[in-house]
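Asker: Before anything else, here's the structure in question.
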Amino acid sequence: MASDVDPRMLTLIGELGIKTTQSNKEVVTSSDMVWIAVKPHIVVPVLTEVSTVISRKNLLVSIAAGVKITTIEKSLPENQRVVRVMPNTPALVQSGASVFTCAEGTMDSDCSIVSELLSSVGLCDEIKEDLMDAVTGLSGSGPAYVFAAIDAMADGGVKMGLPRDLAIKLAAQTVKGAAEMVLKTGKHPAQLKDEVCSPAGTTIAAMHLLEKAAFRASLIDAVEAATNRSKELGKN
């Protein structure tokens, strides 16, 4: 069962065969596992609303960026079972990268079932909560960086004469293939990069330009900026 304040969203959810309601309390009383999938600033008001009906029989899983477990627990009955998760959008195509951390009140089976669910849509790891903001900056926000890179690569292909649809397809497949090589070969990305760069070739010429444009530094800065923003959200 799912709830939402937007009737249009409820219609879309209903089309997936999921029972819907506009009552958050009804979701809690009808579910063993409750997922909090709202914007960070809405988490506490939602939890406050359902605090009178939630109990230890409910496992609460939050995917709100920046919202710490302690913040969640303050709005709930004592010793509530809480798991904090940071997934990313490629989970929609079974290629997600997710991490989770369990509160002290959780049972071993809680961690296992969350891990099993997240692993069904991609990679999943359990981490300490103090790493969650960095994960948000890297893999949580990371798909947007990669989409921007694919878009730019495709634009480059179009500039050089390729049809738009072919350019996008080639750019996306190149990113996908390169990622698979990193995951499956176990080689460091720098080594794989060097293996593509032949002496005086086309790739090293392109890499030289990317270095002058601060390509690597920009990505590092992007991860840092998203991480810091996640920390800010946790303070609000």
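Asker: Looking at segment 73-86 only, could you name the residues that are open to solvent by less than 30 Å² (accessible area, probe 1.4 Å), assigned to a loop (DSSP other than H, G, I, E, B) and not hydrophobic (A, V, I, L, M, F, W, C)?
Answerer: Passing the criteria: SER75, GLN80.
Asker: Looking at (1) free of Cβ contacts under 8 Å to residues at least 40 places away in the same chain; (2) open to solvent by 70 Å² or more (accessible area, probe 1.4 Å); (3) within 24 Å of the chain's Cα centre (by Cα); (4) within 30 Å of VAL85 (Cα to Cα), which is the only condition MET153 fails?
Answerer: Evaluating MET153 over (1) free of Cβ contacts under 8 Å to residues at least 40 places away in the same chain; (2) open to solvent by 70 Å² or more (accessible area, probe 1.4 Å); (3) within 24 Å of the chain's Cα centre (by Cα); (4) within 30 Å of VAL85 (Cα to Cα) leaves (4) as the failure.
Asker: Which of the residues belonging to segment 97-118 are in a helix (DSSP H, G or I), farther than 23 Å from GLU180 by Cα and not β-branched (Val, Ile, Thr)?
Answerer: ASP108, SER109, ASP110, CYS111, SER112 - these are the residues of segment 97-118 that are in a helix (DSSP H, G or I), farther than 23 Å from GLU180 by Cα and not β-branched (Val, Ile, Thr).
Asker: Just to check your reading of the model, which residue among THR20, THR48, THR29, THR70 is free of Cβ contacts under 8 Å to residues at least 12 places away in the same chain and over 18 Å from the mean Cα position of the chain (by Cα)?
Answerer: So the residue among THR20, THR48, THR29, THR70 that is free of Cβ contacts under 8 Å to residues at least 12 places away in the same chain and over 18 Å from the mean Cα position of the chain (by Cα) is THR70.
Asker: Could you list, in sequence order, the residues of segment 119-141 that are in a helix (DSSP H, G or I), out of contact with any helix residue (DSSP H, G or I) (no Cβ under 8 Å at 6 or more places or on another chain) and over 18 Å from ILE69 (Cα atoms)?
Answerer: SER119, SER139 - these are the residues of segment 119-141 that are in a helix (DSSP H, G or I), out of contact with any helix residue (DSSP H, G or I) (no Cβ under 8 Å at 6 or more places or on another chain) and over 18 Å from ILE69 (Cα atoms).
Asker: Taking segment 191-231 on its own, how many of its residues are over 25 Å from the mean Cα position of the chain (by Cα) and open to solvent by 70 Å² or more (accessible area, probe 1.4 Å)?
Answerer: Keep residues of segment 191-231 that are over 25 Å from the mean Cα position of the chain (by Cα), which gives 191-214.
Still in the running and open to solvent by 70 Å² or more (accessible area, probe 1.4 Å): 191, 193-196, 199-200, 202, 204, 208-209, 211-212.
Here the count works out to 13.
Asker: Please specify each residue of segment 28-55 satisfying the condition of being out of contact with any helix residue (DSSP H, G or I) (no Cβ under 8 Å at 6 or more places or on another chain), assigned to a helix (DSSP H, G or I) and either of a type in the set (Val, Ile, Thr) or over 30 Å from LYS231 (Cα atoms) (or both).
Answerer: Residues satisfying the conditions are THR29, ILE42, THR48.
Asker: Checking VAL158 against (1) farther than 15 Å from VAL61 by Cβ; (2) crowded, with 17+ Cβ neighbours inside 10 Å, which single condition isn't satisfied?
Answerer: Among (1) farther than 15 Å from VAL61 by Cβ; (2) crowded, with 17+ Cβ neighbours inside 10 Å, VAL158 violates only (2).
So that you can scan it fast, the table gives a plain yes or no per residue for (1) at pLDDT 95 or above; (2) in contact with a strand residue (DSSP E or B) (Cβ under 6 Å, 6 or more places away or on another chain):
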residue	(1), (2)
SER3	no, yes
MET9	no, no
VAL34	yes, yes
ALA37	no, no
HIS41	no, no
THR52	no, no
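Asker: Determine whether LEU170 is without any contact (Cβ under 8 Å) to a residue 60 or more places away in the chain, open to solvent by less than 60 Å² (accessible area, probe 1.4 Å), part of a helix (DSSP H, G or I) and farther than 22 Å from ALA226 by Cβ.
Answerer: Spelling it out, it is not the case that LEU170 is without any contact (Cβ under 8 Å) to a residue 60 or more places away in the chain, open to solvent by less than 60 Å² (accessible area, probe 1.4 Å), part of a helix (DSSP H, G or I) and farther than 22 Å from ALA226 by Cβ.
Asker: Pick from segment 91-116 the residues that are open to solvent by 10 Å² or more (accessible area, probe 1.4 Å) and charged (D, E, K, R): which of them is modelled with the highest pLDDT?
Answerer: It comes out as GLU116.
Asker: Follow-up. Tell me, which residue of segment 132-150 that is over 12 Å from the mean Cα position of the chain (by Cα) and surrounded by 14 or more Cβ atoms within 10 Å (Cβ to Cβ) is nearest to ALA225 (Cα to Cα)?
Answerer: The selected residue is TYR145.
Asker: Which of the residues belonging to segment 178-190 are surrounded by 10 or more Cβ atoms within 10 Å (Cβ to Cβ), in a helix (DSSP H, G or I) and either free of Cβ contacts under 8 Å to residues at least 12 places away in the same chain or out of contact with any helix residue (DSSP H, G or I) (no Cβ under 9 Å at 6 or more places or on another chain) (or both)? Before you say what the answer is, go through the steps one by one.
Answerer: Of all residues in segment 178-190, those surrounded by 10 or more Cβ atoms within 10 Å (Cβ to Cβ) come to 178-182, 185, 187-189.
Still in the running and in a helix (DSSP H, G or I): 178-182, 185, 189.
Residues satisfying the conditions are ALA179, GLU180, MET181, VAL182, THR185, PRO189.
Asker: Output yes when any residue across segment 167-175 is in contact with a Lys or Arg (Cβ under 7 Å, 6 or more places away or on another chain) and either farther than 23 Å from GLY96 by Cα or not small (Gly, Ala, Ser) (or both), and no when none is.
Answerer: Among the residues of segment 167-175, not one is in contact with a Lys or Arg (Cβ under 7 Å, 6 or more places away or on another chain) and either farther than 23 Å from GLY96 by Cα or not small (Gly, Ala, Ser) (or both), which makes the answer no.
The values are calculated or read from the model by the stated rules, or taken from the named source; none is laboratory data. Computed from a predicted structure; not experimentally measured. Neighbour counts are summed over all protein chains in view; Cβ atoms, including those assigned to glycine, are modelled from backbone coordinates with ideal geometry. To get the accessible areas, we keep the full protein, side chains included, count just its heavy atoms, and leave off ligands, DNA and RNA. Shrake-Rupley method; radii C 1.70, N 1.55, O 1.52, S 1.80 Å.
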